[in-house]
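The numbers here are math on the coordinates, done by the rules we state, and not lab data. Please read all numbers here as calculations on a predicted model, not as lab measurements. Quick reminder, even Gly has a Cβ in these numbers, built from the backbone with ideal geometry, and neighbours come from all protein chains shown.
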Amino acid sequence: MTLEELQKIIYDAGIVGAGGAGFPTHKKLSQGVKQVIVNAAECEPLMMVDHHIFRKHFQSIIDTLNVILDVLGAEEAIFGIKGKNMYLLDSKILADLKGTRISVKEIPDVYPAGDEVVLVYETTGKIIPEGAIPINVGVMVINTETLYNIKKALQDGETVCEKYVTIAGDVKEDITIKVPVGMKIKELFADIGYPDLTGKAVINGGPMMGKLVDIENDVVTKTTKGLLVFPETHSVIQRRKMPLKTMLKRASAACCYCTMCTDVCPRYLLGHSIQVHKILRAASHCEVSDTEAFLQASLCCGCGVCTVMGCQQMLNPQEISMNAKGVLAKKGYRRTNNIAPSAPRPEREGRLIPSDTLIDRLGIRKYVKDKVERVYMDFFPETVYIPMSQHVGKPASPIVKVGDRVKKGQLIAKTDANALGTTIHSSIDGVVKLVDDKKIVISVK
Ligand code: SF4
Ligand code: SF4
């Protein structure tokens, strides 16, 4: 198989980064890749999707990796997984990997082990330069579920119209379920026994980086990995509800410039020049003359360590940095003085954040359920609301019209193959009820 043929299969199946980023996967594959790193870190507390996939589909993932290595002409693949999760991998398959191009690397149980820059360092020893991406050091990083989706496209011709999602937090039982893309989150919770979420709020993603769900309107997408429930009064929720204006006012009044947010920043500790306290000061005091401080926000990955583990003043440098990063990206401002660190800062080792410490600091210990029976089930919604933008890049354009009858897995929208984007498929058999540039609504009847 040629690279172009594999890219086409991946594009036609609508595969994007399933870990949350949503980058179109066919655009990641390129000839310069020497090492493929499988992101099996699943470093956000409470998330269990990758656990399910390692346990059930490890051999399929290995087979798919071999195809990708052949097509790319890459030297090796490294499976980056936390030591505590090694028990999930089939021991016979593991033994068979000895001496092959695929190896398994145990990475430390710290947060954010799954951040691309951290993962590449932990698995290969390479530090991705500031403002660069893994391919700049000959590496491609791919998420476990994304690999599984490639397997389904290659072997079974399946398109991405369902998503594995972990339901956890303030619920009776944690479950990992397979949900049709476009199903309303409210309907999903009703189906699994939570029809009334009064007094609770839901996070889409992990407790560190996830976003607050609009329970009336939001739907499951190709990047939904976890839906975590917390009481509305919990700090995980309160932190997300504060308006940016209030955050900035509080920062301008209460930041004591202690630099602890910078001291714990994983990107700073790997040698990048991001200084979070300076970004915060520049943003909250509108110090527009300090352009370098503003531009450093583009080095932020939004991991939240500065806010949860660094700041003792209950400020939110994570949100302020990410907001500044968004503004810079929209206006097209870029740093030009990016550096390529040759080694992490010497203090890094002593400042890694153990997952257990993070769980306690977040105040979510009581939601970590050790011995739960995990349940896998299918859903059959009456109506799905499929967004045209579930990925990085240009939204897809509908190719169906109201009244069309469609089958599950059928192509309903696409972005031009040359643009950054992907294809979108129906997640149920049904009739198209509404088409606009934001979504396609399909009902069973
Ligand atoms: S969120 Fe905070 S700790 Fe994480 S990369 Fe951004 S500035 Fe650093
Ligand atoms: S840790 Fe908090 S108080 Fe200290 S510099 Fe950072 S934002 Fe300011």
- [ ] Evaluate the charge dipole of the chain about its Cα centre and quote only its size in Debye, nearest 20, assuming +1 on the Cβ of each Lys and Arg and -1 on the Cβ of each Asp and Glu.
- [x] 820
Open item on the list: Relative contact order for the chain: what percent, with Cα pairs under 8 Å and sequence separation of 6 or more?
Closed with: 18
TODO: Would you mind classifying the stretch 3-156 by shape? Square roots of the alpha carbon gyration tensor eigenvalues, ordered a ≥ b ≥ c; an a/c under 1.5 is rounded, otherwise it is prolate if a/b is larger than b/c and oblate if not.
DONE: rounded
Task: Subset of LYS184/LYS249; LYS28/LYS184; LYS152/LYS439; LYS184/LYS331; LYS28/LYS439; LYS28/LYS438 violating a 28 Å alpha-carbon distance limit - done: LYS184/LYS249; LYS28/LYS184; LYS184/LYS331
Task: For the chain, convex hull of alpha carbons as volume per residue, Å³ - done: 146
TODO: Pull up all non-local amide H partners of LEU212: gap of 5 or more, or a different chain, and H-to-H distance under 5 Å with H placed in the peptide plane.
DONE: ASN204
Task: Cysteines having no other Cys beta carbon under 4.7 Å from their own, within the chain - done: CYS43, CYS161, CYS255, CYS256, CYS258, CYS265, CYS286, CYS300, CYS301, CYS303, CYS311
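How big is the charge dipole of the stretch 277-409 about its Cα centre, in debye rounded to the nearest 20, if each Lys and Arg gets +1 on its Cβ and each Asp and Glu gets -1 on its Cβ?
Numbers: 21 positive and 13 negative charges, 78 e Å.
Using Cβ point charges on Lys, Arg, Asp and Glu, the stretch 277-409 gives about 380 debye.
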Task: Cα lying deepest toward the dipole's positive end in the stretch 72-115, options LEU97, ILE107, ILE78, charges on Cβ - done: LEU97
Task: Residue among LEU227, MET183, GLY131 farthest towards the positive dipole end of the chain, charges placed on Cβ - done: GLY131
Open item on the list: Can you list which of the DSSP-assigned H helices in the chain have a Cα extent of 24 Å or more along the long axis and an average Kyte-Doolittle score of at least 0.0?
Closed with: 49-72
Open item on the list: Net charge around GLN410, counting only other residues with Cβ within less than 11 Å of its Cβ (Lys, Arg = +1; Asp, Glu = -1)?
Closed with: +1
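For a quick protection proxy, order the peptides 176-187, 95-106, 74-85 by their average other-Cβ count within 10 Å, most packed first.
Numbers: 176-187: 21.6, 95-106: 13.3, 74-85: 19.0.
Per-residue Cβ counts within 10 Å, averaged per peptide and sorted highest first, yield 176-187, 74-85, 95-106.
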